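The values are calculated or read from the model by the stated rules, or taken from the named source; none is laboratory data. All values derive from a computational prediction rather than experimental measurement. FYI the Cβ positions are ideal-geometry reconstructions off the backbone, even for glycines, and counts take in every protein chain you see. Accessible surface areas use protein heavy atoms only, side chains included; no ligands, DNA or RNA. Shrake-Rupley method; radii C 1.70, N 1.55, O 1.52, S 1.80 Å.
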Amino acid sequence: MKKMKMTKTAKNNFVTYFIVLIAYILVQILLKSGHMSSLMEGLLVPLCIYVMLAVSLNLTVGILGELSLGHAGFMCVGAFSGAFFSKCMDGAMPDGIRFFIALLIGAAVAGVFGIVIGIPVLRLKGDYLAIVTLAFGEIIKNLVNVLYIGKDNNGFHFSMKDSISLHLGEEGQVIVNGAQGITGTPHDASFTAGVLLIFISLFIILNLINSRDGRAIMSIRDNRIAAESTGINITKYKLMAFSISAAIAGVAGVLYAHNLSTLTALPKNFGYNMSIMILVFVVLGGIGNIRGSIISAVILTLLPELLRGLSDYRMLIYAIVLIAMMLFNWSPKAIEWKDKLKEKYFSKIPFRKEKEVK
Amino acid sequence: MSLLEVKNLTISFGGLRAVDDFNIDIKRGQLYGLIGPNGAGKTTVFNLLTGVYKPDEGIIKLEDKDITGLKTIDINKAGIARTFQNIRLFKDLTVLDNVKVGLHNHYRYSTIEGIFRLPKYYKVEKAMDERAMELLKVFELDGEADYLASNLPYGKQRKLEIARALATEPRLLLLDEPAAGMNPNETGELMDTIRFVRDKFDMTILLIEHDMKLVSGICEALTVLNFGRILAQGQTSTVLNDPQVITAYLGE
Ligand SMILES: Nc1ncnc2c1ncn2[C@@H]1O[C@H](COP(=O)(O)OP(=O)(O)OP(=O)(O)O)[C@@H](O)[C@H]1O
Ligand SMILES: [Mg+2]
């Protein structure tokens, strides 16, 4: 009996890894045989980024059961911290090692931001996370746009005004240039690196879910009061899930930054519309369904491109969004999830009495 | 020796004194009943004992240790586990995993060991599976270990809640209307199970129940609540023959 269950989860996870592997091999074949348009080729790394974002957001939304509307914000801090490091270290170490360290830095910085935001917000009984993460995403994006960092022989110089006020020496170099962002980040990203990172993200998330910690996280999602009286440390496990989710988004950001020659924080890439888009991937793929997130991220990213030839493709996308909305509103899982949120929101109105526990 | 000693416990919601000057003294190994009409404040007493609500006044002592005002999680760690009147299972987890959440603090491995599937992960998970199955067997739920908790019939969900509570290795078990929604047959079985749990796990049990057959059948002592106040307290047979108690119940 127990054995059966173990193998069932293991098999499920195996299928997920296998799908990614097959997709990778397929793409390699298409590339090698010259059957892939340059447009599609350019989409490969972004695809990996979206998959990582969707999978990691699902950890917060589906597994932890908290709504986050600022996932792009974590991607943003990951992107800028990773690119900043690579820019500083360009030429100072082998490319592979530099990229690897940049990824770790992006993960760490985004993870720390997750903890810093999570500590005050996740401790509250209510679900204020949605609002705070939304604000966080917007604030980060705007902060980065007025951030100037330069480097010369005297070390680093910071300013929030303009690059002149950095007062750099002769040989000084502006690294982060306000709204112009970071230019000349080494192009370390590749499809293979992206797929590897997807595998690592999946490995972490799937194994986390199917462990002691994962059970604790899901018990909080299913019934906070019962979890608490069963001896589960609510704050600890909420923070754990949320910061791991943020860290993986940070890694996706580093990949993003190293795929572009210029990194700027725009509403398009790091704004709330991006966060919402990732949330749509998660919702459409199934809340709590990791494999579903991968598939829906791929389909919803590819679809507009595949339909580019059709002049009416906008209408089609529109229709798809409608379907997404419908699924969001009507699929049993989503309804359940919304009920959970509703229950939380209503118990959360500050001046209302604590809900009766029966 | 007293396992649970409560003095002068009081809480108000707005103008309502839901629990007013509540006292109780439960001996180790006792099977104790808390009864009273609807809205008398029974569940509120459980919520006070488990730190869901903080009392306005009063002291709660578990094995002579003052646990008043502790957080719910720390009260569980101190040794009180409970079930809920409105069943609160982890409904998207399997029956087995529900119990394994209960084992959480007694079977440990680190996050790293879990993610990287180090040997300790397999060892501890196996031990957890075995222990959880043992507990499920007590409640004849071992056949449904792989079901989602929400797919269990009502009576079994109540049993699963007890199994999960026991998994946390409490000194005191609080059961809030364990027989609610059960038919007389199931209630009979439940009475046997509760006795068995007390004997096998050396447990002290405080239970809320409306089913008088169950109460008179298994409880050794009773406290009767009415409008938040203690109406009668003592040995089951004495309390149930108390004219005041009879009026309170018949008056309902
Ligand atoms: N959080 C709360 N806020 C306001 N009133 C509350 C709260 N919790 C309980 N009450 C009130 O306290 C009183 C006692 O409720 P409680 O749930 O303890 O009764 P009970 O004895 O368990 O009844 P039942 O047999 O119906 O379960 C009720 O009037 C209830 O409405
Ligand atoms: Mg009650």
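Accessible area ranking (1.4 Å probe, heavy atoms, ligands and nucleic acids excluded), largest first, for B:147, B:109: B:147, B:109.
Note on residue B:111 and residue A:32: their simple-model spin labels are 4.0 nm apart, each label 7 Å out from Cα toward Cβ.
Taking every DSSP bridge with both residues inside the protein assembly as shown, close to 65 percent are antiparallel. For segment A:1-157, the tally of Lys pairs with Cα-Cα distances below 20 Å comes to 4, considering only residues 8 or more apart or on different chains. For segment B:98-139, the direction-averaged projected area of the alpha-carbon convex hull comes to 2.8 nm². On the beta carbon distance between residue A:116 and residue B:241, with R0 = 45 Å, the FRET formula returns roughly 0.10. Spin-label pair residue A:10-residue B:192: with each label point 7 Å from Cα along the Cα-Cβ axis, the two points sit 3.8 nm from one another. Interface of A with B. Using a 1.4 Å probe and counting protein heavy atoms only, the two chains hide about 3900 Å² of accessible surface, both sides summed. Classify segment A:1-143 as rounded, prolate or oblate from the Cα gyration tensor: take a ≥ b ≥ c as the square roots of its eigenvalues, call it rounded if a/c is under 1.5, otherwise prolate when a/b beats b/c and oblate if not. Oblate. When the alpha carbon coordinates of segment B:107-252 are projected onto the principal axes, the ranges are 65, 27, 27 Å, largest first. Nearest-5 percent of antiparallel DSSP beta bridges in chain B? Counting DSSP beta bridges with both partners in chain B, the antiparallel share is about 60 percent.
Given axes a ≥ b ≥ c from the Cα gyration tensor, I'd like to know whether segment B:207-252 is rounded (a/c under 1.5), prolate (a/b larger than b/c) or oblate. Rounded, since a/c falls under 1.5.
Per-residue 3J(HN,Hα) values for segment A:94-105, derived from phi via the Karplus relation 6.51 cos²θ - 1.76 cosθ + 1.60 with θ = phi - 60°, read x, 3, x, 5, 4, 5, 4, 5, 4, 4, 5, 5 Hz in sequence order (x marks Gly and Pro). Accessible area per residue was computed with a 1.4 Å probe on protein heavy atoms; residue B:108 scores about 130 Å². Note on residue B:1 and residue A:17: with the Förster distance fixed at 56 Å, the Cβ-Cβ geometry gives a FRET efficiency of about 0.50. Determine the shape class of segment A:92-146: with a ≥ b ≥ c the square roots of the Cα gyration tensor eigenvalues, call it rounded for a/c under 1.5, and otherwise prolate if a/b is greater than b/c, oblate otherwise. Judged from the Cα gyration tensor, segment A:92-146 comes out oblate (a/c at least 1.5, b/c at or above a/b). Taking all protein chains together and rolling a 1.4 Å probe, residue B:211 ends up with roughly 50 Å² accessible. With all protein chains in place and ligands, DNA and RNA left out, the 1.4 Å accessible area ranks A:276, A:200, A:149 as A:200, A:276, A:149, largest first. Working from Cα positions, state the angle (0 to 90°, nearest 10) between the long axis of helix A:2-32 and the longest principal axis of chain A. Roughly 30 degrees between the two axes. Sorting B:44, B:247, A:235 by accessible area puts them as B:247, A:235, B:44; the probe is 1.4 Å, largest comes first, and only protein heavy atoms count. Given R0 = 25 Å, the distance between the Cβ atoms of residue A:192 and residue A:266 translates into a calculated FRET efficiency of 0.35. Working value for the protein assembly as shown: equivalent-ellipsoid semi-axes of 54, 26, 22 Å, each the square root of 5 times a Cα gyration tensor eigenvalue, largest first. Protein heavy-atom surface of segment B:35-105, 1.4 angstrom probe: 43% of the accessible area is carbon and sulfur, with nucleic acids and ligands not counted.
Per the Kirkwood formula applied to alpha carbons, segment A:120-168 shows a radius of gyration over Rh ratio, Rg over Rh, of 1.27. Rolling a 1.4 Å probe across the protein heavy atoms gives chain A an accessible surface of 46 Å² per residue.
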